[in-house]
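The values are calculated or read from the model by the stated rules, or taken from the named source; none is laboratory data. On a predicted model such as this, the values are computed, not experimentally measured, just so you know. Neighbour counts run over all protein chains shown; Cβ positions are idealised from the backbone, glycine included.
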Amino acid sequence: MSVTVRVPAKVNVQLAVGPPRPDGFHDLANVFLAVGLYDEVTATPAASPRLTCTGPDAAHVPLDDSNLAARAARLLAAHHGVQPAVALHIAKDIPVAGGMAGGSADAAAALLACDALWDTRTPREVLLALGAELGSDVPFALVGGAALGEGRGERLTGVKVGGTFYWVFAVADGGLSTPAVYRAFDRLRPDAPPPAPSPALLDALRSGDPHALAPTLVNDLQPAALSLRPTLADTLACGTASGALAALVSGSGPTCAFLAADAGAAHRVAAALTASGTCRTARVATSPALPEVRR
Ligand code: ATP
């Protein structure tokens, strides 16, 4: 028997970042929206732990003990006092180090897959707490949909979304290191105010209207990501010129996200981005999206 969990990537529709805390993390007002680009993690019983990965970015995924899916399996096994004897296979479609929380998605998928495989029936609050130990974005990846993350992003409140939003993601060559982007943020914004969720953005998500959502999108990390990768400005400009309602860097980048009015507009923006040569590839996806467990 094996269990496969499909888990979506995320875009931060609001990422408000405060000053660094004494523990090095930053307080955030982080509105996550899960988008339909997926990794799949399959857990199969095995004599000893094994990890494999396929997909266009597979060469950039560590297959040692540092892999977030492997760490998740070990953490869940230790919590229940069972052997982490499982073969995990990651079918990776989320860009690696792209600011779309692919590693966190794999950790969430591994928690859900192993919990089902081992029949350990972990309560949801415990899974969320184990996820938060693995990384700030893992609790959201466990639930999907849309949520406001406070603290370092791990304290979640569900957010209502009133319709389907169409996105285009411009995937860059190479990744950006999230810690390096936060260091650049600290240099650029030593005076950052405490972060607060945007009522206008939450209203716009509820309305389901992309025209209302577009002017509310905000990513405080964008100037920092652009300072490390100035060519992203060309990618953002190309998407806007081809009809996107809004353009922003996704999380810590370098993936750029474009909100489109509808499916047709999204495909036109994607075609223009692909033809422009300002990104490696452009992908159309809809939100919100949810994780799915298949036995
Ligand atoms: P975030 O948006 O949460 O900052 P990201 O999307 O920028 O993350 P990830 O794809 O999650 O970045 O990967 C960041 C780094 O984590 C990779 O460069 C890789 O070394 C490491 N890593 C560990 N496990 C995984 C995994 N399962 N998939 C991808 N990367 C992983």
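Strands (runs of 3 or more DSSP E) fully within the stretch 240-290 that include at least 3 residues being among the basic types (K, R) and touching a Gly at 6+ places or on another chain (Cβ under 7 Å): none found. Is it true that some residue in the stretch 207-225 is surrounded by fewer than 20 Cβ atoms within 10 Å (Cβ to Cβ), in contact with a helix residue (DSSP H, G or I) (Cβ under 9 Å, 6 or more places away or on another chain) and outside any helix (DSSP H, G or I)? Yes, the conditions are met somewhere in the stretch 207-225.
Restrict the check to the stretch 159-177 and report whether at least one residue is among the polar types (S, T, N, Q), under 20 Å from L68 (Cβ atoms) and within 20 Å of the chain's Cα centre (by Cα).
Going residue by residue through the stretch 159-177, those that are among the polar types (S, T, N, Q) are 164, 177.
Still in the running and under 20 Å from L68 (Cβ atoms): 177.
Pick out the ones that are also within 20 Å of the chain's Cα centre (by Cα) and you get 177.
Yes, there is a match, as at least one residue in the stretch 159-177 is among the polar types (S, T, N, Q), under 20 Å from L68 (Cβ atoms) and within 20 Å of the chain's Cα centre (by Cα).
Of all residue pairs spaced 6 or more apart or on separate chains, those with beta-carbon atoms under 7 Å, a first member in the stretch 93-104 that is at pLDDT 95 or above and a second member that is near the ligand (Cβ under 6 Å from one of its atoms) and among the aliphatic types (A, V, I, L, M) are I94/M100; G102/V96; G103/L68; S104/L68. Looking across A70, A97, A107, one residue alone is within 11 Å of the ligand (Cβ to nearest atom) and over 16 Å from the mean Cα position of the chain (by Cα). It is A70.
Of A170, A146, A109, A129, all but one fail to be at pLDDT 95 or above, surrounded by fewer than 19 Cβ atoms within 10 Å (Cβ to Cβ) and on the phi < 0 side of the Ramachandran plot; the exception is A129. Against the conditions (1) at pLDDT 95 or above; (2) surrounded by fewer than 18 Cβ atoms within 10 Å (Cβ to Cβ), F25 satisfies every one except (1).
In the stretch 114-153, what residues are closer than 23 Å to P195 by Cβ, assigned to a loop (DSSP other than H, G, I, E, B) and among the charged types (D, E, K, R)? Spell out how you get there, then give the answer.
First, the residues of the stretch 114-153 that are closer than 23 Å to P195 by Cβ: 128-129, 131-153.
This time we only want the ones that are assigned to a loop (DSSP other than H, G, I, E, B), so: 135-137, 144-145, 151-153.
D137, R152 - these are the residues of the stretch 114-153 that are closer than 23 Å to P195 by Cβ, assigned to a loop (DSSP other than H, G, I, E, B) and among the charged types (D, E, K, R).
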